[in-house]
Amino acid sequence: MFAKAFRVKSNTAIKGSDRRKLRADVTAVFPTLGTDQVSELVPGKEELNIVKLYAHRGDAVTVYVSGGNPILFELEKNLYPTVYTLWSYPDLLPTFTTWPLVLEKLVGGADLMLPGLVVPPAGLPQVQKGDLCAIALVGNRAPVAIGVAAMSTAEMLTSGLKGRGFSVLHTYQDHLWRSGDKSSPPSIAPLALDPPDLSEEKGSVQADTTLQGDMRRLTLEGEEEEGEVQQRCGEKSLSEATEDPSVGTLNPDPTDSKTLQEQMDELLQRCFLCALKYRVKKADLPLLTSTLLGSHMFSCCPEGRQLDIKKSSYKKLSKFLQHMQQEQIIQVQELSKGVESIVAVDWKHPRKGSILEGSEVRTIVINYAKKNDLVDADNKNLVKLDPILCDCILEKGEQHTVMKLPWDSLLNRCLEKLQPAYQVTFPGQEPIVKKGKICPIDITLAQRASNKKVTVVRNLEAYGLDPCSVATILQQRCQASTTVTPAPGTKDILQVQIQGNQIHHLGRLLLEEYRLPRKHIQGLEKAPKPGKKK
């Protein structure tokens, strides 16, 4: 609405009666605000102006200005807060999260599309169509936009997070924001999110592995006596590929001979089992089937892929869950008319696909060998290879020549055949497990055309750090200009540039405050030596 310049019709001081009416309207529209907060927002004696203007599309808007900043605006008898107000009251509206690169599009007048949403571990906020919502960026709870929900949360999830999600009314950096003091959003940490604890003593960064093949038959119960499931699943949600033009398709493996429908069936089952194994607890039952899909299954979707039930052979969630009930994994009942819930889960049902630590792999292999009498009777240090072990660890030329292996060789071969993964733990949050090897935070010094040095840091996102927040902190501490730009040659990865050699300040921030292990940071040796000019 304010993406382009507006025309001011009048600017007058508010009358006492209008001030009282505004307070009453704020109290009615935003009931979560207390009396003192309403008095702070609409002060009793301080200057408060009413600005009447026409937006570039001709909409008549009334703006309330306090202390030089627009705090509220009224459109068609509906009252809305500005970002200046939301920065003081970040919990005033239900808040949805998107990526920093999306902000530029919102400022330009675009609406927020559902593929751009970041689905948090706890699921999306519950809203109805037409509800007023705030929009924040990953890593900072300070809202940068407000908009009206184009559909309810349930409808968003049913659509597979496709289509228009919010009609955006006002953003940070638009012309309404420019009419104020043009301050930047404060840094407000996400709820229950502290700097990541990656200390080696706590074993927070671990080399996990995924065991392939029939040896990987683990029960949903795992090691827990009462059937409660460890919450260790943390793969990227589908929304993290928001800038990827291929989002909305399955992104099939070209070497996979399965049809798209068959691949979607496998993805659907994988997300279902992941949700049961790592996210749903026994205490959550009965669980609405819509909640299972929206709050748990979508969050288990691997990076670069999008879960779309309509593209599966089942077409509907209810039909898929009926199949899972026939497999005796769950029990589904209609507890109220037209609303189905999962009332029971067979936690001991054998399934494949667990993410394992190296020690767990060792235990599974040892137990498998003993259970199947594969330990050599004459030499306990040797293990006989049955067809399953042969298929898992032997090369083609060894299939008919290698009949036994020492324990160490067997275990090492098993680990070498597995896909590596790593786990990052944030205090108060579920551990995040991702495939591949974790890349270190990379710090470099670059020389600009003006012969000035700049410090460049990349890969902050892999450790749960928001580049924009880090840039703001460094700007204040170093008293130097900072910029956040896309990292060259990468996709959806940002880099922070700080004027001068600021590696010393950066190192203290990462090592002492964020407590990152030194081995996960490269480039600290380039810090200026004592007595040398930066």
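Of all the accessible heavy-atom surface of region 430-499, with the other protein chains kept in place and a 1.4 Å probe, what percent is carbon and sulfur? Intermediate results must be reported in sequence, preceding the final value.
Working: 1810 of 3460 Å².
On region 430-499, the fraction of accessible area on carbon and sulfur atoms equals 52 percent.
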Taking 0.36 nm per residue of separation between Lys129 and Val38 and subtracting their Cα-Cα distance, the length gained on full extension comes to 30.1 nm
Under 19 Å by backbone N from the virtual spin label 7 Å along Cα-to-Cβ at Asp91, the residues of region 2-31 are 27-31
Amide H proximity to Tyr172 below 5 Å, modelled H, separation 5+ or other chain, gives Ala145
Under the 7 Å Cα-to-Cβ spin-label approximation, Ser318 and Ala13 lie apart by a distance in nanometres of 6.4 nm
Long-range amide H partners of Ala487, meaning residues 5 or more apart or on another chain whose placed amide H is closer than 5 Å, are Ile493, Leu494, Gln495
Under the 7 Å Cα-to-Cβ spin-label approximation, Gln328 and Arg20 lie apart by a distance in nanometres of 7.3 nm
Partner lysines whose C-alpha sits under 17 Å from that of Lys519, ignoring same-chain residues fewer than 8 away, are Lys202, Lys437
Regression test value, accessible area per residue of region 98-166, probe 1.4 Å, units Å², expected 36 Å²
At R0 = 51 Å the Cβ-Cβ FRET efficiency linking Trp407 and Leu260, nearest 0.05, sits at 0.75
In whole angstrom, largest first, the equivalent ellipsoid semi-axes that the Cα gyration tensor gives for region 283-395 are 40, 17, 13
Once phi for every residue in region 392-398 is put through the Karplus expression 6.51 cos²θ - 1.76 cosθ + 1.60 (θ = phi - 60°), the whole-Hz ³J(HN,Hα) values, with Gly and Pro written as x, are 6, 10, 8, 6, 4, x, 9
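Restricting to DSSP loop positions (anything but H, G, I, E, B) with no more than 15 other Cβ atoms inside 10 Å of their own Cβ, which trypsin sites (Lys or Arg not before Pro) remain in region 429-483?
On the way: sites: Lys434, Lys435, Lys437, Arg448, Lys452, Lys453, Arg458, Arg477; in loops: Lys437, Arg448, Lys452.
Answer in residue order: Lys437, Arg448, Lys452.
Applying 1/(1 + (r/R0)^6) with R0 = 45 Å to the Cβ-Cβ distance of Leu335 and Ala110, what FRET efficiency is obtained, to the nearest 0.05? Spell out each step's value before the answer.
Values: r = 41 Å, r/R0 = 0.91.
Calculated value: 0.65.
How much length would be gained if the chain were fully extended between Arg477 and Ala5, taking 0.36 nm per residue of separation minus their Cα-Cα distance, in nm to one decimal? If you can, show how the numbers build up before the last one.
Numbers: separation 472, 0.36 × 472 = 169.92 nm, distance 3.54 nm.
Here the answer is 166.4 nm.
Give me the percent of the accessible area of region 303-420 that comes from carbon and sulfur atoms, probe 1.4 Å, all protein chains in place. Intermediate results must be reported in sequence, preceding the final value.
Details: 3420 of 7170 Å².
Heavy-atom surface of region 303-420 belonging to carbon and sulfur, 1.4 Å probe: 48 percent.
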Taking alpha-carbon centroids only, region 1-49 lies from region 312-385 a number of Å equal to 58 Å
Scalar couplings 3J(HN,Hα) for region 409-423 by Karplus 6.51 cos²θ - 1.76 cosθ + 1.60 (θ = phi - 60°), nearest whole Hz, x for Gly and Pro, are 5, 4, 5, 5, 5, 4, 5, 5, 7, 8, 7, x, 8, 9, 10
Percent of all Cα-Cα pairs per 10 Å bin for region 1-47, counting from 0 up to the last occupied bin, reads 22, 39, 32, 7
In whole Å, largest first, the alpha carbons of region 93-166 cover along the principal axes 27, 25, 21
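Calculate, in nm to one decimal, what Ala189 and Gln522 gain on full extension: separation in residues at 0.36 nm each, minus their alpha carbon distance.
Details: separation 333, 0.36 × 333 = 119.88 nm, distance 2.61 nm.
Length gained, Ala189 through Gln522: 117.3 nm.
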Normalised Cα Rg of region 1-149, dividing by 2.2 N^0.38 Å with N its residue count, works out at 1.08
With DSSP loop assignment and no more than 14 other C-beta atoms within 10 Å, the trypsin sites (Lys or Arg not before Pro) in region 11-83 are Lys15, Lys45, Arg57, Lys77
Here the convex hull volume per residue of region 294-342, taken over Cα atoms and given in Å³, is 96 Å³
The pairs in Lys129/Lys162; Lys105/Lys162; Lys277/Lys348; Lys21/Lys77; Lys435/Lys526; Lys396/Lys434 lying past 19 Å Cα-Cα in this model are Lys435/Lys526; Lys396/Lys434
Scalar couplings 3J(HN,Hα) for region 276-285 by Karplus 6.51 cos²θ - 1.76 cosθ + 1.60 (θ = phi - 60°), nearest whole Hz, x for Gly and Pro, are 5, 6, 10, 10, 7, 9, 4, 6, 6, 7
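Report, in cubic angstrom per residue, the convex hull volume of the C-alpha atoms of region 141-183.
Working: hull volume 3.4 nm³, N = 43.
So the per-residue Cα hull volume is 80 Å³.
Carbon and sulfur atoms: what percent of the 1.4 Å accessible area of region 30-142 do they account for? Let's see the in-between values first.
Working: 2480 of 5030 Å².
Carbon with sulfur: 49 percent of the solvent-accessible area.
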Of all C-alpha pairs within region 385-478, those more than 24 angstrom apart amount in percent to 54 percent
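The values are calculated or read from the model by the stated rules, or taken from the named source; none is laboratory data. Note that the structure is predicted; figures quoted are calculated from it, not measured. All Cβ positions, glycine included, derive from the backbone under ideal geometry; neighbour counts span all protein chains shown. Calculation scope for accessible area: heavy atoms of the full protein, side chains included, ligands and nucleic acids excluded. Shrake-Rupley method; radii C 1.70, N 1.55, O 1.52, S 1.80 Å.
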